[in-house]
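First up is the structure itself, then whatever we jot down about it.
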Amino acid sequence: MSIATHRPVLQGQRALVVGIANEHSIAYGCARAFRELGAELAITYLNDRARPHVKPLADTLEASVFMPLDVSTPGELEAVFESIGRQWERLDILVHSIAFAPKQDLQGGLLDCSADGFMKAMDVSVHSFVRMARLAAPLMSEGGTMFAMSYHGAQKVAPNYNVMGPVKAALEASCRYLAYELGPRKIRVHAISPGPLKTRAASGLKDFDLMLNEAMQRAPLGDLVDIMDVGFTCAYLATPFARRVTGTTMYVDGGVNIMA
Ligand SMILES: NC(=O)c1ccc[n+]([C@@H]2O[C@H](COP(=O)([O-])OP(=O)(O)OC[C@H]3O[C@@H](n4cnc5c(N)ncnc54)[C@H](O)[C@@H]3O)[C@@H](O)[C@H]2O)c1
């Protein structure tokens, strides 16, 4: 079935997607899937250096909000939500698809991770999601759905994933606690756990190609996932078809996670 034959099940929904660096970004797959299903988009870019790579994608997606956002820069997150509040008055979908750890901390084992590196990784990759949820919730006045990108290294040891294992475990737990706290407001929160994808963030992991090969060999479905697989899974979870589903870690990995 081609994408063009899908019904616009997200028509009228407004989605903020954070984490597009280029056309390979998981966040771009989410934004494209949402747009193809009828949603209106707000898109952010990290800084002036990233802008030229993200702007053409935002134009293709006809994003109505396009703003800089480095979650480590005081005030930028607030400015994005202020602008969305002013322009849209409401938000339905939030995607947090960002992660960071300093290179030397990411590439060494957990034992050798510096305190600063650990804190920075936790702040950008986890606490920023909590901050986003706090600002997004008042705009989700008719309910909504929030997503954060995790990885199976949160649950099981993935060689070379290092500090990101505990970081993603904290992210998944944060999703569950936010799902609990926001449930009474009909806001659903999910961690999404994609299989390995060749993106810029992934290129920072040692021996990433080995992870890709292993995933391909172990997947019951026999294939690697692509960014649109992730996007359409989020799109489904954002529709009323999934209105009783919250707090999950949803694997989009061809089934690798069920294997011993
Ligand atoms: N690629 C994979 O194999 C894979 C698998 C599972 C989960 N993930 C997760 O998916 C998410 C997206 O990564 P990706 O693989 O699409 O790579 P990517 O490099 O395309 O995206 C990472 C994004 O994080 C953003 N970012 C980093 N620091 C930031 C900051 N301080 N403020 C705002 N944005 C910041 C970057 O600008 C970039 O857009 C990450 O959370 C990653 O851990 C990736």
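The values are calculated or read from the model by the stated rules, or taken from the named source; none is laboratory data. Bear in mind the structure is a predicted one, so any value in this text is a computation, not a measurement. Reconstructed Cβ throughout: ideal geometry from the backbone, glycine too, with neighbour counts over all protein chains shown. Just the protein is used for accessible areas: all its heavy atoms, side chains included, with ligands, DNA and RNA removed. Shrake-Rupley method; radii C 1.70, N 1.55, O 1.52, S 1.80 Å.
Within region 86-103, being open to solvent by less than 50 Å² (accessible area, probe 1.4 Å) and either without any contact (Cβ under 8 Å) to a residue 24 or more places away in the chain or under 10 Å from Val163 (Cα atoms) (or both) holds for Ala101, Pro102.
Of the residues Leu106, Leu135, which single one is touching a helix residue (DSSP H, G or I) at 6+ places or on another chain (Cβ under 6 Å), within 16 Å of the ligand (Cβ to nearest atom) and open to solvent by 30 Å² or more (accessible area, probe 1.4 Å)?
Values: Leu106 fails: open to solvent by 30 Å² or more (accessible area, probe 1.4 Å).
Of Leu106, Leu135, the one residue that is touching a helix residue (DSSP H, G or I) at 6+ places or on another chain (Cβ under 6 Å), within 16 Å of the ligand (Cβ to nearest atom) and open to solvent by 30 Å² or more (accessible area, probe 1.4 Å) is Leu135.
Evaluate the following for Asn22: is it surrounded by fewer than 16 Cβ atoms within 10 Å (Cβ to Cβ), touching a residue at least 40 places away in the same chain (Cβ under 8 Å) and near the ligand (Cβ under 10 Å from one of its atoms)?
Details: surrounded by fewer than 16 Cβ atoms within 10 Å (Cβ to Cβ): yes; touching a residue at least 40 places away in the same chain (Cβ under 8 Å): yes; near the ligand (Cβ under 10 Å from one of its atoms): yes.
Against the criterion (surrounded by fewer than 16 Cβ atoms within 10 Å (Cβ to Cβ), touching a residue at least 40 places away in the same chain (Cβ under 8 Å) and near the ligand (Cβ under 10 Å from one of its atoms)), Asn22 qualifies.
Looking only at residues that are part of a loop (DSSP other than H, G, I, E, B) and among the aliphatic types (A, V, I, L, M) in region 38-81, which one is nearest to Thr239 (Cα to Cα)? Here the residue is Ala39.
For the residues Lys168, Lys198, the requirement of being within 19 Å of Ser25 (Cα to Cα), basic (Lys, Arg) and surrounded by 21 or more Cβ atoms within 10 Å (Cβ to Cβ) singles out Lys168. On the basis of being more than 30 Å from Ala158 (Cα to Cα), in a loop (DSSP other than H, G, I, E, B) and within 17 Å of the chain's Cα centre (by Cα), does Leu91 make the cut? Yes; evaluated as a whole, the condition is true for this residue. Restricting attention to region 112-122, the residues that are under 20 Å from the mean Cα position of the chain (by Cα) and open to solvent by less than 50 Å² (accessible area, probe 1.4 Å) total 2.
Residue count for region 220-232, restricted to those that are in contact (Cβ under 8 Å) with a residue 40 or more places away in the chain, closer than 18 Å to Asn257 by Cβ and open to solvent by less than 30 Å² (accessible area, probe 1.4 Å): 1. When Ser174, Ser83 are screened for being surrounded by fewer than 16 Cβ atoms within 10 Å (Cβ to Cβ), among the polar types (S, T, N, Q) and away from the ligand (no atom under 12 Å from the Cβ), only Ser83 passes.
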